[in-house]
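**Q** Sharing a structure below in structure tokens format, with a few things to ask.
The values are calculated or read from the model by the stated rules, or taken from the named source; none is laboratory data. Computed from a prediction, not measured in an experiment: that's the story for all the values here. Backbone-built Cβ (ideal geometry, glycine too); neighbour counts: all protein chains shown. Each accessible area value is taken on the protein alone, full model and side chains, heavy atoms only, with ligands, DNA and RNA left out. Shrake-Rupley method; radii C 1.70, N 1.55, O 1.52, S 1.80 Å.
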Amino acid sequence: MSSQPRCHYFSALFKNPVEEARDHTYPSLKKGEKMASWGLFFFALLSFSAVVLRPAFAENEEDPGLVMNFYKESCPQAEDIITEQVKLLYKRHKNTAFSWLRNIFHDCAVQSCDASLLLDSTRRSLSEKETDRSFGLRNFRYLDTIKEAVERECPGVVSCADILVLSARDGIVSLGGPFIPLKTGRRDGRRSRADVVEEYLPDHNESISAVLEKFGSMGIDTPGVVALLGSHSVGRTHCVKLVHRLYPEVDPAINPDHIEHMLHKCPDSIPDPKAVQYVRNDRGTPMILDNNYYRNILDNKGLLIVDHQLANDKRTKPYVKKMAKSQDYFFKEFSRAITILSENNPLTGTKGEIRKQCNVANKHN
């Protein structure tokens, strides 16, 4: 080997890439001009690197949390795509709107709005979708349809958690309810919360005190709870959930004029959970989210025990009466409560992930 110093030897083998780039970029410039121009080039290179290589949230950068129109720069068409898909699916399958509305309750009420509801069961964990509290939930495949449409426009950008919340927002509109501006920026959780579903999600057979307490832990007050239960204005209740009010004896609290219809729809004391046996929550306007629900329960035509309690408990009855008289008041409180629910302990910033498929957590090597 030559006596040439080691540093000079490697310099000869590997020319300084900065000098090489400078020489190729400005070959015809004089030395002074070349250095000045190179300074501009180097500054531009640094600026480009800062934009391209900087992570979404640097460790010392404040997490913006949920904000309006979170995707305005990263995926400007995201919300429009979701809205359009919800409209298309509603035209083909009217019951999708009920599903979108139920999804936001079943996901956001269980610790976090993180789309954990959508995860399939694995060998290690049970899906929230398969718990008793999730009985009757369906149409998850159509959320996958929305996700696929968004992914075609902006791969790996929009979370399933935001799609779940925004589809609920647009589903409410499809049902004749108010448009509720909701923030975005949620990220997806990586595990099912099936083991704590019963701890957080109110049940229709629980006391009104338990229902108020569980929603209260999320920051939803009494008029908000009364408004949220107005969701029972639409959709249907499977006979499995109400036969205990009909057999072996009819609950005397039920309006006698409503009993014959309920018995006709639910003729079996032990109905088949897989059978299409159900009663419409509101026989008058079953496809419209309105305040008719409150008039029904004041007339003892509520299907579920919680409906009956809502109309008779001294803490909730005044709000039931007020919402029965004013749809505007119902919509106002409903919008406020949905907003609070949608912002319940979300994952934001660098927490969680953006799932590629809503039913499966991403694989990490």
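**Q** Can you compute the modelled spin-label distance between SER74 and GLN357, with each label point 7 Å from Cα toward Cβ, in nm?
**A** 2.2
**Q** With r defined as the distance between the Cβ atoms of ASP268 and GLU62 and R0 fixed at 51 Å, what FRET efficiency is calculated, to the nearest 0.05?
**A** Efficiency, from the Cβ-Cβ distance: 0.30.
**Q** Once you keep just the Cα pairs under 8 angstrom separated by 6 or more residues, what percentage relative contact order results for region 71-132?
**A** For region 71-132, the relative contact order is 14 percent.
**Q** Given a 1.4 angstrom probe, what's the average accessible area per residue across region 192-323, in square angstrom?
**A** Computed with neighbouring chains in place, this is 47 Å² per residue.
**Q** How much length is gained if the chain between GLU198 and ASP257 is pulled fully straight, taking 0.36 nm per residue apart and subtracting their Cα-Cα distance, in nm to one decimal?
**A** 17.8 nm
**Q** On the protein heavy atoms, probe 1.4 angstrom, tell me the percent of accessible surface of region 281-322 carried by carbon and sulfur.
**A** Roughly 50 percent of what the probe reaches on region 281-322 is carbon or sulfur.
**Q** So if R0 is 30 Å, what FRET efficiency would ARG315 and TYR247 give, r being the distance between their Cβ atoms, rounded to the nearest 0.05?
**A** 0.50
**Q** Are there trypsin sites (Lys or Arg not before Pro) in region 138-209 that DSSP marks as loop and that have at most 16 other Cβ atoms within 10 Å, and which are they?
**A** Listed in order of number, the matching sites are ARG138, ARG190, ARG191.
**Q** Once neighbouring chains are kept in place and the probe is 1.4 Å, which whole percent of the accessible area of region 92-187 is contributed by carbon and sulfur?
**A** Carbon and sulfur atoms account for 47 percent of the accessible area of region 92-187.
**Q** Can you pull the one-decimal nm distance between simple spin-label points at ARG141 and HIS93, each 7 Å off the Cα toward Cβ?
**A** Distance between label points: 0.7 nm.
**Q** What percent do you get for the relative contact order of region 146-209 when only Cα pairs under 8 Å and 6+ apart count?
**A** RCO, region 146-209: 28 percent.
**Q** A further question on this structure: Please identify which residues in region 141-184 have an amide N closer than 20 Å to a label point set 7 Å out from the Cα of LYS322, following the Cα→Cβ vector.
**A** Label zone hits: 178.
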